[in-house]
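Some notes on the structure that comes next.
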There are 4 protein chains.
Amino acid sequence: MGYTAAVAGASGYAGGELLRLLLAHPEIEIGALTAGGNAGSRLGEHQPHLLPLADRVLEETTADTLAGHDVVFLALPHGQSAAIAERLGPDVLVVDCGADFRLRDADAWEAFYGTPHAGTWPYGLPELPGARDALAATRRIAVPGCHVTTATLALFPALAAGLVEPEAVVVAVTGTSGAGKAPKPHLVGSEVMGSVSPYGVGGTHRHNPEITQNLSAVAGGPVRLSFTPVLAPMPRGILATCSAPVLPGVTAEAVAAAYRDRYADEPFVHVLPEGTWPSTAMTLGANTTLVQVTVDPAAGRMVAVAALDNLTKGTAGGAVQSANIALGLPETTGLPTAGVAP
Amino acid sequence: MGYTAAVAGASGYAGGELLRLLLAHPEIEIGALTAGGNAGSRLGEHQPHLLPLADRVLEETTADTLAGHDVVFLALPHGQSAAIAERLGPDVLVVDCGADFRLRDADAWEAFYGTPHAGTWPYGLPELPGARDALAATRRIAVPGCHVTTATLALFPALAAGLVEPEAVVVAVTGTSGAGKAPKPHLVGSEVMGSVSPYGVGGTHRHNPEITQNLSAVAGGPVRLSFTPVLAPMPRGILATCSAPVLPGVTAEAVAAAYRDRYADEPFVHVLPEGTWPSTAMTLGANTTLVQVTVDPAAGRMVAVAALDNLTKGTAGGAVQSANIALGLPETTGLPTAGVAP
Amino acid sequence: MGYTAAVAGASGYAGGELLRLLLAHPEIEIGALTAGGNAGSRLGEHQPHLLPLADRVLEETTADTLAGHDVVFLALPHGQSAAIAERLGPDVLVVDCGADFRLRDADAWEAFYGTPHAGTWPYGLPELPGARDALAATRRIAVPGCHVTTATLALFPALAAGLVEPEAVVVAVTGTSGAGKAPKPHLVGSEVMGSVSPYGVGGTHRHNPEITQNLSAVAGGPVRLSFTPVLAPMPRGILATCSAPVLPGVTAEAVAAAYRDRYADEPFVHVLPEGTWPSTAMTLGANTTLVQVTVDPAAGRMVAVAALDNLTKGTAGGAVQSANIALGLPETTGLPTAGVAP
Amino acid sequence: MGYTAAVAGASGYAGGELLRLLLAHPEIEIGALTAGGNAGSRLGEHQPHLLPLADRVLEETTADTLAGHDVVFLALPHGQSAAIAERLGPDVLVVDCGADFRLRDADAWEAFYGTPHAGTWPYGLPELPGARDALAATRRIAVPGCHVTTATLALFPALAAGLVEPEAVVVAVTGTSGAGKAPKPHLVGSEVMGSVSPYGVGGTHRHNPEITQNLSAVAGGPVRLSFTPVLAPMPRGILATCSAPVLPGVTAEAVAAAYRDRYADEPFVHVLPEGTWPSTAMTLGANTTLVQVTVDPAAGRMVAVAALDNLTKGTAGGAVQSANIALGLPETTGLPTAGVAP
């Protein structure tokens, strides 16, 4: 193995998924595992599904415990990445699964996160125009939010091709793991099973400015976004139903062609055969995004749907994919494209 | 008890829910239970949860077996209601849970259902303007589709009050019982659990023209609709996330006030306290629709969310509610407003 | 309405189910609703499914707030009932859904609960021999644990009829609501969905001595019990698979006859038709226990399976059923026997 | 890659899991994919999660289409394996995931399957005494049933060590994928979600004689078995709660030591740390069996619980593990031990 990696936040969901993927990665060896309140305990207590690492003991998350690795994956609460990254030195590849360095607009950051803006790092969504070059040249990567990856991949080809107006509506149904592992009353199993409920309605969700940033960059001008996330009774998966008004004369065929062209060579975005629509279950544990698109002529809107696993392509898989690029490895190294189903 | 009722299609999901409600209805006695292929078998084989009726034997669905009751509830596949209703006589209250008599536009009917239009009956959504008068004066009721009730109740107050443009986007997450009881490959439990997937995308779902009909009537002109249903891993419930562009100067407060006014006296539509959003689980088994609304100023859109139980308020409860009106009973007779949770 | 009832612990799952049932009870009017930490807040914040009571404000749980009602239902953590009951006076019917007064054996109490034994009240399982007489004559009722009701109803007829050896194995699969509403890491939805896991293994669950107490009383001598509860991904329901060695010559027919005889007149226990086995979904929200039984000749064991809703017949429904008896009302008053399915 | 493998029954659940594992197997290349009624269609229509194989076309399942590979995995309905295996020639490794060659007792076969006994092949449960030698020397492997693997691994160490009486009770909670992909009324999602129900009660399930065969061989004499499978609302996973009377003086420590000794070197069976009990979610997609054991002194019984993924270790993973042995590869080649969670 060519590289070593530390994982900070190893006892959480994103950290656990990073470790599951790294266990199968042929070029990265797992080094230090760190945590906050769980430091000192065995990983097996928190990630019992990761049997090969069950007896590894979690260290405290500090720059010291994380130092000495080629790659450091940060899966931490917002606000903790900057201090650690500064002390790790410019040669260490730091891949931040948190939000701290995702937004370019400091005002948007402060409006949605309420703290001073830490800065901006190259953005870990390789499928965006220009992203791969930036990732190949950096030691700092900001991994997108899970809703952001889904909505962006569903919508940007149409905006990039100038097929729709810069005005999108996104309703994204998500599994519960995106809310993390901390027990909260509304996330208790009895409340979640059998129930579907929206949250962050009315433009208040923190992924809002990040989706807008991506789409506006591609569209070459401001994109208006209505984004509503909806919690569904499943542990993993996001399905984003997205729509935007089509420009005059744009047909379903034209839109489909734009998506097929855009994603023809993408290893982790797959436009489904005509008439087949994505489901979250198809992507469980895989680094795959499934996409389908059509035009509703009566509504005058394009409808694009994307599905992915929020913890894999939506977080940890996207992180590893971007890290592969930064390390100069083949982008697909160690990343599964077959899901676990049924 | 003042009235007797027959239920056609008693072995299906809608029929079962009708019977569950009628068992608790103080003014309606359950008469003949009929079925198609299941005629001759005990109800207990098909509806094991309806213990008080377990030993009732299903008769063949014909006008003869259904005759002799004050009310006949039809929960049949599309296309069977007209022939039966004709033979039942004008004094029998016929409440059709199927689609046959919902649409006024024969062209829309034929485009979406592919058969000749059977006609139009008074529409069983009492909350719509003028609906109660029509229901009080009829012996024929067309019960709305479950998605239609949800989207209509979520959106029509804003259109009626002239607060939004006549252009709506609806993404409705639904449980699996709406697809009925017939076993189909994509509805098998192994496929459904852990998965969310859209269907009828791009304006092709049969509830499309029905939602449009309701909203256009209220808006006083054509409403453009983009409607996408999404299947979620739960047996019951619909949560519709709806949005439309607000007219200039329309605030969240103005929209909320319009909904509170509209639904102030409605027994089965409840606008939640500010900041609280509906979930499907709150409505399980109840005839209640929960609604919340806001405005996203950055997007320039109103977002309204409604949740209900697709089998109760979305089908059988709505049918009983409308029947109560037609029979001259208090509209709320026998209908629960408390759900079963968790 | 003849009676008023207060509910202590109204913000929890058992309290919520009590209120759901009492809302439909024709002879009991809902009085004070009390809580511990949630006192002062609206019930609607905690039980959003109970719309008719949404604006009721929770009072502090004290003997004073509970006083002045004909019935007081206690749905409190263990250890709090005695002090309250003492101050309520002997004429108030106190129905305790907690464990405090269930066990007759003070040593067993102390071994399993670790606190001094508070005493023993008449036991709220009317189906047990002699129970109805005791309930009719008391103002104090100890409602059984949910696993206890299930296992007892599954097994006691065979022991009472002397058909099996006093040695039972019970594996009870249960929904998550039995664990209550407090958020704990292992009860978070992401952990619960898709997972089945045992708890309280090896005779350590607190329902162990209570099941043993019931079965031994019926058998007329000590019954050995191996009891394992198993958590399953559903909010409600218990399915207990129970077995015991049959005595020589005992056939499936003999066992079935004993169960049919025993439960012939029971309104809330239903022996299913031959060949049909219970499922939890059949009982959702109903006060029903479904039972089936057979003999496995190769194993030399009777196998009895019972299913019920842990919050209804397993807790709140059993409480109301017992209260009905104590109040001199028909035992079935206000209690549904039709479940909510699918 | 050293070997090629064909998969018969590639459109079903077992076939799909075989393919998912083989995609990650470094020494086996996937050759022909065959099916019955689905022959002629793309694999992507049936296994949309297996993106890398989506465009492979299913051939008809015949000896001809399967010929020419080093390994043939059969995932077929019972009764079809013998004819195919005969024509494949003695040098081809045939791994049968069906039941045809599992039982040694022709009478038991005929009693439970109703057809003539096809014979007996070396048994694909490497953890059983002597199994690895037999597997290393054969070109024909009968893969155990999923319940059988679970119950056998939970119980046999105690029987082999002479710690319990030869008399076991097994209640095995299982996900729905074990019932296969064919849509049946009781497997429809609406019926399955929220429900737990037993099947094959009273010793009638076909895995009964197979579990008995395994346990009796290890115990050196007949073992009496009471086995009840229970369907739970999850796609994958089996959790078997097993118990047997302990012999006098046998302690929890002694039993635990026997299990730790037995499984110390097993790569795919893991005895959990003391106090930790298995859950099915820990094993999703992994070839791992998790085990824990204790003694209930009051009941006089050992309680052993095992969890695994019915499609992985319970079927396809066990098949690949056994094939690895027969091919002379390291037994763990290509088999994951980390599950997908949450």
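The values are calculated or read from the model by the stated rules, or taken from the named source; none is laboratory data. Everything quoted here is computed from the prediction, not taken from an experiment. Note that each Cβ is placed from the backbone with ideal geometry, even for glycine, and that neighbours are counted across all protein chains shown.
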Study note, to complete from the structure: Residue pairs within 7 Å by beta carbon, gap of at least six or interchain, first lying in the stretch D:72-97 and under 17 Å from D:K181 (Cβ atoms), second surrounded by fewer than 19 Cβ atoms within 10 Å (Cβ to Cβ), listed first then second, are D:H78/D:Y113
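Taking only the stretch B:165-177 into account, find how many residues are buried (at least 24 other Cβ atoms within 10 Å of the Cβ) and either more than 9 Å from chain A (Cβ to nearest Cβ) or among the aliphatic types (A, V, I, L, M) (or both).
The number of residues fulfilling the criteria is 8.
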Practice item. Working carefully through the options B:E86, B:E17, find the one that is more than 12 Å from every other protein chain (Cβ to nearest Cβ) and either within 19 Å of B:V320 (Cβ to Cβ) or among the acidic types (D, E) (or both). Key: B:E86
**Study point:** Those helices (runs of 4 or more DSSP H) lying entirely in the stretch C:1-70 with at least 2 residues farther than 25 Å from C:A179 by Cα and not hydrophobic (A, V, I, L, M, F, W, C)
**Key:** C:63-66
Review point. Only one of (1) in contact with a Ser or Thr (Cβ under 7 Å, 6 or more places away or on another chain); (2) part of a strand (DSSP E or B) is not met by B:F73, so which one is it?
Key: (1)
Point to revise | Complete set of residues in the stretch B:286-332 that are without any contact (Cβ under 8 Å) to a residue 60 or more places away in the chain and at positive phi | key: B:G300
Practice item. Name the single residue, out of those in the stretch C:220-243 being among the small types (G, A, S) and at the interface with chain D (Cβ under 10 Å from one of its Cβ atoms), that is nearest to C:P157 (Cα to Cα). Key: C:S243
Study note, to complete from the structure: All conditions in (1) assigned by the TED database to the domain that holds B:S81; (2) part of a strand (DSSP E or B) are true of B:L103 except (2)
Review point. Condition test on A:E266, is it acidic (D, E) and either touching a residue at least 60 places away in the same chain (Cβ under 8 Å) or out of contact with any helix residue (DSSP H, G or I) (no Cβ under 9 Å at 6 or more places or on another chain) (or both)?
Key: yes
Practice item. Scan the stretch B:189-202 and report the pairs whose first residue is more than 15 Å from A:A306 (Cα to Cα) and in a helix (DSSP H, G or I) and whose second residue is of a type in the set (S, T, Y) and at pLDDT 95 or above, with Cβ atoms within less than 7 Å and a gap of 6+ or a chain change. Key: B:G189/D:T176; B:S190/D:T176; B:S190/D:S177; B:V192/B:T176
Check your understanding: Of all the residues that make up the stretch A:78-102, how many are on the phi < 0 side of the Ramachandran plot and out of contact with any Ser or Thr (no Cβ under 7 Å at 6 or more places or on another chain)?
Key -> 17
**Study point:** Candidates A:L66, A:L58 - the one that is within 24 Å of A:G2 (Cα to Cα), buried (at least 19 other Cβ atoms within 10 Å of the Cβ) and either without any contact (Cβ under 8 Å) to a residue 60 or more places away in the chain or within 11 Å of chain D (Cβ to nearest Cβ) (or both)
**Key:** A:L58
Exercise for review: Kindly list the number of the only condition in (1) buried (at least 24 other Cβ atoms within 10 Å of the Cβ); (2) within 8 Å of another protein chain (Cβ to nearest Cβ) that fails for A:A298.
Suggested key: (1)
Exercise for review: Would you point out which residue out of B:V196, B:V169, B:V188 is in contact with a Leu (Cβ under 9 Å, 6 or more places away or on another chain), closer than 15 Å to A:W277 by Cβ and among the β-branched types (V, I, T)?
Suggested key: B:V196
Review point. Which residues, counting only those in the stretch D:178-234, are aromatic (F, W, Y) and under 18 Å from the mean Cα position of the chain (by Cα)?
Key: D:F227
Exercise for review: For the stretch A:154-188, name all the residues that are of a type in the set (G, A, S), on the phi < 0 side of the Ramachandran plot and outside any helix (DSSP H, G or I).
Suggested key: A:A161, A:A168, A:A172, A:G175, A:A182
Point to revise | Selection status of A:G180, under 30 Å from B:P233 (Cα atoms), in contact with a Gly (Cβ under 6 Å, 6 or more places away or on another chain), among the small types (G, A, S) and outside the structural domain of A:A319 (by the TED database) | key: no
Check your understanding: Can you pull out the residues in the stretch B:301-329 that are among the polar types (S, T, N, Q) and surrounded by fewer than 24 Cβ atoms within 10 Å (Cβ to Cβ)?
Key -> B:N324
Exercise for review: Starting from residues that are out of contact with any helix residue (DSSP H, G or I) (no Cβ under 6 Å at 6 or more places or on another chain), of a type outside the set (A, V, I, L, M) and within 19 Å of D:A160 (Cα to Cα), keep the ones in the stretch D:227-257 and report whichever is surrounded by the most Cβ atoms within 10 Å (Cβ to Cβ).
Suggested key: D:T241
Review point. For the stretch D:188-210, how many residues meet the condition of being buried (at least 22 other Cβ atoms within 10 Å of the Cβ) and in contact with a helix residue (DSSP H, G or I) (Cβ under 6 Å, 6 or more places away or on another chain)?
Key: 10
